[in-house]
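One structure is given below, encoded as structure tokens.
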Amino acid sequence: MWPIKAFVEGDETPGHIKDIVDSIKAEAEICAIAKDDKDRLAHCIEANLRHVTLQLQLQSTIIREKMEKGELRIVTGKYDLERGAVTLLKQ
């Protein structure tokens with residue numbers, strides 16, 4: 001989640017990564033997190049994951065219809081590279 005870390009720390013980013021950081025800045029879920037939050041990076045990562053999950057549902061008619069019929073469920077998970085484990089986030 002390097003783009004989110006760059007956003008949180010205010011780092012300059014090259015090329016396409018800057019576009020991703022600019023997109024992250026516009027997410028309401030991210031903007032709602034206080035800048036002095038001691039766990040801001042972790043909270044921003046989770047907020048971004050939830051945002052992406054919501055966008056999948058809103059932007060895809062096929063996904064939305066399958067979910068409404070109970071044929072599909074989207075869950076949000078965070079993969080920890082060090083532990084090799086996935087943590088499911090509460091919706």
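The values are calculated or read from the model by the stated rules, or taken from the named source; none is laboratory data. Keep in mind the model is a prediction, meaning the values are calculated, not measured. Cβ atoms come from the backbone with ideal geometry, glycine included; neighbour counts cover every protein chain shown.
Picking from residues in the range 9-32 that are within 22 Å of Gly77 (Cβ to Cβ) and within 13 Å of the chain's Cα centre (by Cα), the one that is surrounded by the fewest Cβ atoms within 10 Å (Cβ to Cβ) is Ala28. Taken over the range 30-52, the criterion of being among the aliphatic types (A, V, I, L, M) and either assigned to a helix (DSSP H, G or I) or over 20 Å from Asp11 (Cβ atoms) (or both) is satisfied by Ile30, Ala32, Leu41, Ala42, Ile45, Ala47, Leu49, Val52. Set side by side, the residues Leu54, Leu72 differ, and just one is among the aliphatic types (A, V, I, L, M), at pLDDT 85 or above, under 17 Å from Lys90 (Cβ atoms) and surrounded by 10 or more Cβ atoms within 10 Å (Cβ to Cβ), which is Leu54. For the range 64-91, the candidate set comprises residues that are touching a strand residue (DSSP E or B) at 6+ places or on another chain (Cβ under 8 Å) and of a type in the set (A, V, I, L, M); within that set, the residue that is nearest to Glu46 (Cα to Cα) is Leu89. One residue stands out among those in the range 1-29 that are of a type in the set (Gly, Ala, Ser) and not in a loop (DSSP other than H, G, I, E, B): the one that is farthest from Leu81 (Cα to Cα), which is Ala28. Residues in the range 53-91 that are in contact with a Leu (Cβ under 9 Å, 6 or more places away or on another chain), under 18 Å from Glu27 (Cβ atoms) and part of a helix (DSSP H, G or I): Thr53 only.
Pairs linking a residue in the range 1-25 that is of a type in the set (Lys, Arg) to a residue that is in a helix (DSSP H, G or I) and modelled with pLDDT under 80, with Cβ atoms under 6 Å and 6 or more positions apart or on different chains, do not occur.
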